[in-house]
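Here is the structure we will look at, set down as structure tokens.
The values are calculated or read from the model by the stated rules, or taken from the named source; none is laboratory data. Quantities reported herein were computed from a predicted structural model and do not represent experimental measurements. Don't worry about glycine lacking a Cβ; one is built from the backbone with ideal geometry, like all the others, and counts go over all protein chains shown.
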Amino acid sequence: MNKIASAFASGKAFIPFITCGDPDLETTKACIREMVSNGAGLIELGIPFSDPTAEGPVIQGANIRALASGTTTDKIFEMVTELRKEINTPMVFMTYANVVYSYGSERFLAACARVGIDGLILPDLPYEEKEEFLPVCRKYGVNLISLIAPTSAGRIAQIAKEAEGFIYLVSSLGVTGTRSEITTDLGSIVKVVRENSAVPCAIGFGISTPEQAAKMAAISDGAIVGSAIIKILARYGTDAPPYVGQFVKSMKQAINGLHLPAAG
């Protein structure tokens, strides 16, 4: 079993996202420790970028704050190295193709393997162009995570067949951000995924409440939450870690509620 698969081995996974360096890397480390201790199955680490095209205003703001605080890719690698001395939870990077290109794909993936990053999500990488990164990812044992969106339509089966690590199912059209409700027919998409792949499938984009997390996990293998966590960081700054921990705990409990026996 690979490291990412282990996140889903004991039930539904709660996957929190955090932008590294917002407001500083010490706070990021403290938040990650809180996430792990409160039940996160896998953690998405955002590498800040000046033009995060898939992100809404909340995560864009986090990218701006992180870059302003002097966060660099090298400093993030150093942070992960420190965390790996105490944390075994799977971690993946979520960033943009230009970040990897500018660092040097080979150098970047070699560093991922060295520090213990298990996967890479590039939301601006089209499925048809994944061969730009897939060979070097496989060379260093880093899963290149596939995204499936409501617009993937006829490509869903093919993407699922070739997926590794886990499949990131985008819940709705548009950029990241909390939504009052998610109306996409995700069940039918998950059905096609299940028919074509044994790789776990988690739903992200727009999930902000325990109720939404439970609903999404009910039809998939887990829920991914980013903007709601970034809002906590924006509100509390360096005091945010315990509040992030409480939020992760509430989301994990909601997902676990799916496994409770029915009353009566």
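Hey, among Gly70, Gly56, Gly21, which residue is under 18 Å from the mean Cα position of the chain (by Cα), small (Gly, Ala, Ser) and on the phi > 0 side of the Ramachandran plot?
Working: Gly70 fails: under 18 Å from the mean Cα position of the chain (by Cα); Gly56 fails: on the phi > 0 side of the Ramachandran plot.
That would be Gly21, the only listed residue that is under 18 Å from the mean Cα position of the chain (by Cα), small (Gly, Ala, Ser) and on the phi > 0 side of the Ramachandran plot.
For segment 95-111, the candidate set comprises residues that are under 16 Å from Ile145 (Cα atoms) and of a type in the set (Ser, Thr, Tyr); within that set, the residue that is modelled with the highest pLDDT is Ser105. Checking each residue in segment 71-95 for being buried (at least 23 other Cβ atoms within 10 Å of the Cβ) and over 16 Å from Pro16 (Cβ atoms) picks out Thr71, Ile76, Thr95. Looking across Tyr168, Tyr96, Tyr103, one residue alone is hydroxyl-bearing (Ser, Thr, Tyr), farther than 23 Å from Val36 by Cβ and touching a residue at least 40 places away in the same chain (Cβ under 8 Å). It is Tyr96.
Within segment 120-147, residues that are among the charged types (D, E, K, R) have Cβ atoms under 9 Å from residues that are part of a strand (DSSP E or B) in these pairs: Lys130/Leu144; Lys130/Ser146; Arg138/Leu144, counting only partners at least 6 apart in sequence or on another chain. In the set (1) modelled with pLDDT under 95; (2) touching a Lys or Arg at 6+ places or on another chain (Cβ under 8 Å); (3) surrounded by fewer than 19 Cβ atoms within 10 Å (Cβ to Cβ), Asn196 fails one condition alone, (1). Counting only helices (runs of 4 or more DSSP H) that fall entirely inside segment 184-264 and contain at least 3 residues that are touching a Gly at 6+ places or on another chain (Cβ under 7 Å), the qualifying elements are 241-256. Within segment 31-50, residues that are farther than 12 Å from Ile229 by Cα sit with their Cβ atoms under 6 Å from residues that are basic (Lys, Arg) and surrounded by 21 or more Cβ atoms within 10 Å (Cβ to Cβ), at 6+ positions apart or across chains, in these pairs: Gly39/Lys252.
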